[in-house]
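Below: one structure, written as structure tokens.
The values are calculated or read from the model by the stated rules, or taken from the named source; none is laboratory data. Here the structure is a predicted model, which is why all the values come from computation and not from measurement. Glycine gets a Cβ as well: all are built from the backbone with ideal geometry, and neighbour counts include every protein chain shown. Calculation scope for accessible area: heavy atoms of the full protein, side chains included, ligands and nucleic acids excluded. Shrake-Rupley method; radii C 1.70, N 1.55, O 1.52, S 1.80 Å.
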Amino acid sequence: MLSSNIRYIGVDDIDIDLFEGQYYVPSGMSYNSYVILDDKVCVMDTVDIRKADVYLSHLKEALDGRNPDYIVVHHVEPDHASSLQRFLDQYPDVTIVGNAKTFQMLENYFALGSAARLVVKEGEKLNLGSHELTFVMAPMVHWPEVMMSYEGTEKVLFSADAFGKFGARAADEPWDDEARRYYLNIVGKYGPQVQSVLKKASALDIAAICPLHGPELDETIPHVLDLYEKWSTYTSEDDQGVFIAYATLHGNTGCAAETLANLIDQTYDRDVMVADLARVDSAESLACAFQYKRIILCASTYNAGLMPFMEDFLHHLKAKNWQGRVVGLVENGSWAPMAAKVMKGELEGLKNMTIVEPVVTLRGAMKDTYIPDMKQMIESLLNA
Ligand SMILES: Cc1cc2nc3c(=O)[nH]c(=O)nc-3n(C[C@H](O)[C@H](O)[C@H](O)COP(=O)(O)O)c2cc1C
Ligand SMILES: [Fe+2]
Ligand SMILES: [Fe+2]
């Protein structure tokens with residue numbers, strides 16, 4: 001319970017294997033919903049239809065015999081709105097609150113029929129008695145219709161997908177890692193739109209944030225806002241350490257990556273994180289590439305191009321507007337190494353990237369003869 005008047009009625013989904021059909025969520029996912037109990041009763045979003053029954057039972061318990069007056073749809077995506085029809089069947093006299101785009105998009109999923117609607121715009125208010133909501137539009141965080149609402153009496157920001165994380169609430173994990181992996185993969189592309197919402201949020205006195213996934217936030221709000229500032233401006237969190245991502249067919253390039261990691265750790269005394277792109281969750285590797293400023297990409301040449309896992313990785317990074325990093329390259333190829341040239345070509349299409357020299361070229365097995373080039377590349381990388 002957040003307060004006696006604002007209650008949590010969401011659910012943990014621990015049966016889900018992939019969120020949005022692609023992201024591993026080893027500790028599940030929460031779909032959050034809240035109810036404000038005042039002269040008027042206002043429900044904030046529903047949950048994924050996968051968990052509609054549990055949700056409706058939580059709602060019924062919180063309502064304690066009352067009926068909801070309003071249901072605010074902050075985000076139409078099915079992880080939050082796919083139980084709306086079930087909700088309306090049970091509470092047909094409710095008024096649906098959304099913006100013009102909300103209703104356009106809801107009609108794509110449901111036949112809303114005669115359900116009462118309240119269309120709100122930026123800055124408009126909804127009085128519930130001693131609580132009052134002010135609506136804040138948040139387009140593309142994460143869909144075009146997304147809006148947030150700010151409750152002025154208890155100073156609560158209902159932030160939609162922003163400030164959410166992967167993982168069930170019951171898992172009670174540290175916030176940063178799973179929030180980073182969630183944000184950068186799901187919203188990462190839309191940094192400027194997140195920036196404009198952060199600007200609006202900075203004018204509000206916020207005591208608590210209620211996102212649509214993960215725990216409510218209070219004391220950690222300054223830390224969380226600082227991370228969102230970095231993520232939405234594509235600024236790294238770790239300027240000293242190195243992230244090494246590799247894609248290898250027969251393991252030789254992997255061996256080179258491990259050699260580089262040992263050198264960075266032992267000779268240069270910097271933190272290092274290594275990921276085999278074929279085996280580490282690609283969403284996690286993407287989050288690491290945003291976390292670190294200094295990256296080494298190592299790939300085998302494959303049919304005159306790139307080992308597909310590296311090709312894929314670069315494609316994902318590009319799609320999320322990855323930029324402003326310092327990158328070293330290692331390639332492997334037995335007869336006509338091409339991997340570095342292809343990686344360079346991909347990186348040149350990104351903003352403010354620095355590619356350091358020399359590129360290290362292996363012709364098969366990892367040998368000590370490559371170490372002087374590797375050291376030179378690491379020094380360029382650390383000094384850039
Ligand atoms: C399917 C396949 C395609 C390959 N294509 C090329 C190529 O186009 N050019 C090249 O120089 N080497 C090519 N190679 C050779 C590898 O790049 C070489 O074996 C290298 O040492 C692989 O490093 P790894 O053990 O890290 O995968 C290919 C190897 C395989 C298995
Ligand atoms: Fe979403
Ligand atoms: Fe969501």
*Look through the stretch 142-164, keep the residues that are of a type outside the set (A, V, I, L, M, F, W, C) and within 13 Å of ligand 2 (Cβ to nearest atom), and return whichever of them is surrounded by the fewest Cβ atoms within 10 Å (Cβ to Cβ).*
Pro144
*Which is over 20 Å from Glu216 (Cα atoms), in contact with a helix residue (DSSP H, G or I) (Cβ under 8 Å, 6 or more places away or on another chain) and either open to solvent by 10 Å² or more (accessible area, probe 1.4 Å) or not assigned by TED's automatic domain parsing to the domain that holds Ala116 (or both), of Ser57, Ser27, Ser82?*
Ser82
*Hey, Arg180 within 26 Å of Glu216 (Cβ to Cβ) and either within 16 Å of ligand 2 (Cβ to nearest atom) or not polar (S, T, N, Q) (or both) or not*: yes
*Could you list all residues from the stretch 252-273 that are open to solvent by less than 50 Å² (accessible area, probe 1.4 Å) and over 16 Å from Met307 (Cα atoms)?*
Thr259, Leu260, Ala261, Leu263, Ile264, Tyr268, Val272
*Could you tell me which of the residues Leu18, Leu59, Leu2 is more than 18 Å from Phe135 (Cα to Cα) and either in contact (Cβ under 8 Å) with a residue 60 or more places away in the chain or of a type in the set (Lys, Arg) (or both)?*
Leu2
*Failed condition for His213, given (1) away from ligand 2 (no atom under 16 Å from the Cβ); (2) within 30 Å of Val47 (Cβ to Cβ), with all others met?*
(1)
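The rows are residues; the columns are (1) away from ligand 1 (no atom under 16 Å from the Cβ); (2) part of a loop (DSSP other than H, G, I, E, B); (3) β-branched (Val, Ile, Thr).
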residue	(1), (2), (3)
Gly21	yes, yes, no
Ser27	yes, yes, no
Ile36	yes, no, yes
Asp39	yes, yes, no
Val43	yes, no, yes
Val47	yes, yes, yes
Ala52	yes, no, no
Tyr55	yes, no, no
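Name the one entry in Pro372, Pro337 that is without any contact (Cβ under 8 Å) to a residue 12 or more places away in the chain and either surrounded by fewer than 21 Cβ atoms within 10 Å (Cβ to Cβ) or not small (Gly, Ala, Ser) (or both). Give the derivation first.
Working: Pro337 fails: without any contact (Cβ under 8 Å) to a residue 12 or more places away in the chain.
Every option except Pro372 fails the conditions.
Starting from residues that are open to solvent by 60 Å² or more (accessible area, probe 1.4 Å) and part of a helix (DSSP H, G or I), keep the ones in the stretch 174-192 and report whichever is farthest from Val146 (Cα to Cα).
Keep residues of the stretch 174-192 that are open to solvent by 60 Å² or more (accessible area, probe 1.4 Å), which gives 174, 177, 189, 192.
Filter again for part of a helix (DSSP H, G or I), leaving 177, 189, 192.
Details: Asp177: 24, Lys189: 16, Pro192: 15 Å.
Going through the qualifying residues, I end up with Asp177.
Just to be sure, is Val76 touching a Phe, Trp or Tyr at 6+ places or on another chain (Cβ under 7 Å), open to solvent by less than 10 Å² (accessible area, probe 1.4 Å) and without any contact (Cβ under 8 Å) to a residue 40 or more places away in the chain? Don't jump to the end; show me each part of the working.
Details: touching a Phe, Trp or Tyr at 6+ places or on another chain (Cβ under 7 Å): yes; open to solvent by less than 10 Å² (accessible area, probe 1.4 Å): yes; without any contact (Cβ under 8 Å) to a residue 40 or more places away in the chain: no.
Considered against the rule, which asks whether it is touching a Phe, Trp or Tyr at 6+ places or on another chain (Cβ under 7 Å), open to solvent by less than 10 Å² (accessible area, probe 1.4 Å) and without any contact (Cβ under 8 Å) to a residue 40 or more places away in the chain, Val76 comes out as no.
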